[in-house]
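The structure appears right after this line, and notes come after that.
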Amino acid sequence: MAGVVKFEQHASEALRIGKGFSLAKVDPDSTPGYTGSKTDGQQLLAELDDNLAELQEKLFAESRFGGTKRILLVLQAMDTAGKGGIVNHVMAPMDPQGVQFKAFKAPTDEEKSYDFLWRIQKEVPAAGMVGIFDRSHYEDVLIHKVHSWATPAEIKRRYVAINEFESRLSDSGTKIVKVMLYISKDEQKARLLARLDNPAKHWKYSRGDIDERAFWDDYMAAYQAAIDETNTAAAPWHVIPANKKWYARIAVQQLVMGAMSELKLEWPKAEFDVDIERALVEKS
């Protein structure tokens, strides 16, 4: 990859939140750990596609021989922050048979009749899979906190339940990558206007996005609280400045690749004599 501008500091280090983290101090226009331009970032994204695809294939192959490792990417953000672009651009190189994608919408009446984690637990990735949650169990401590749909005591209970849930996932072989894509309120306005200016994007527009903008500060406070309460060693949070879409994409790519690398994946060893099988093939 000669000539390709790489991260000076790995995204897992540059973006993982630490003690005393303040969301208000994050510059949504910044590119932590990366000094390259948009063109550089797009080149890096393309250059690493093959690496990402190979790591995913190793993950899937291991599971065919009893491996229990898996990846869960949790994407949380305000509307228009670019979750769809992340899925399309970062996950495109992967083999679809090894990806489990779930976009969580408003819960159904049946789902509401159970604990908030009931519908989430049904969608966790199987062994060998890369699971992607577009929104997740965190909606139940974000929008529910903002609109007081749950009491403070219930929200606190949910933080504890989330930590226990993610700990169990980690213990079972799941590497969890939790990401908040952080855009500014002005950037969201610009993206909403861009949708209205493009007939091909009208289907993405929702009047509800405007309604929720009125609660922007409340949402930021809810995100801060959720991050404070659920940033654990088993499932740490990463906050990605996302005003620059190209940066958010390469940052998530780096985080997913880093998580896979930490799993120390190996190609399964052949359970047969390769030379004998090769001879049989040549004679066939």
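The values are calculated or read from the model by the stated rules, or taken from the named source; none is laboratory data. Note that the structure is predicted; figures quoted are calculated from it, not measured. In this analysis, Cβ positions are derived from the backbone assuming ideal geometry, glycine residues included, and neighbour counts consider all displayed protein chains. For the accessible areas, the whole protein counts, side chains as well, though only heavy atoms, and no ligand, DNA or RNA atoms are used. Shrake-Rupley method; radii C 1.70, N 1.55, O 1.52, S 1.80 Å.
General remarks:
- Any hit, region 226-233, residues being of a type outside the set (A, V, I, L, M, F, W, C), surrounded by 17 or more Cβ atoms within 10 Å (Cβ to Cβ), more than 26 Å from Gln42 (Cβ to Cβ) and touching a residue at least 12 places away in the same chain (Cβ under 8 Å): yes
- Matching residues in region 171-190 - criterion: being more than 15 Å from the chain's Cα centre (by Cα) and open to solvent by 40 Å² or more (accessible area, probe 1.4 Å): Asp171, Ser172, Lys185, Asp186, Glu187, Lys189, Ala190
- Complete set of residues in region 45-83 that are among the hydrophobic types (A, V, I, L, M, F, W, C), under 29 Å from Ile183 (Cα atoms) and part of a loop (DSSP other than H, G, I, E, B): Leu48, Met78, Ala81
- Condition check for Ala248: outside any strand (DSSP E or B), under 30 Å from Thr35 (Cα atoms), open to solvent by 30 Å² or more (accessible area, probe 1.4 Å) and of a type in the set (A, V, I, L, M, F, W, C): no
- For region 193-225, filtering for residues that are at pLDDT 95 or above, open to solvent by less than 30 Å² (accessible area, probe 1.4 Å) and either over 22 Å from the mean Cα position of the chain (by Cα) or of a type outside the set (A, V, I, L, M) (or both) leaves 3.
- Residues that are of a type in the set (Gly, Ala, Ser) and either within 17 Å of Glu229 (Cα to Cα) or surrounded by 18 or more Cβ atoms within 10 Å (Cβ to Cβ) (or both), drawn from region 133-151: Ser136, Ala150
- Residue in region 35-44 that is in contact (Cβ under 8 Å) with a residue 40 or more places away in the chain and assigned to a loop (DSSP other than H, G, I, E, B) present: no
- Members of region 12-64 found to be under 19 Å from Val99 (Cα atoms), among the charged types (D, E, K, R) and surrounded by 13 or more Cβ atoms within 10 Å (Cβ to Cβ), listed by number: Asp49, Glu54, Glu57, Lys58, Glu62
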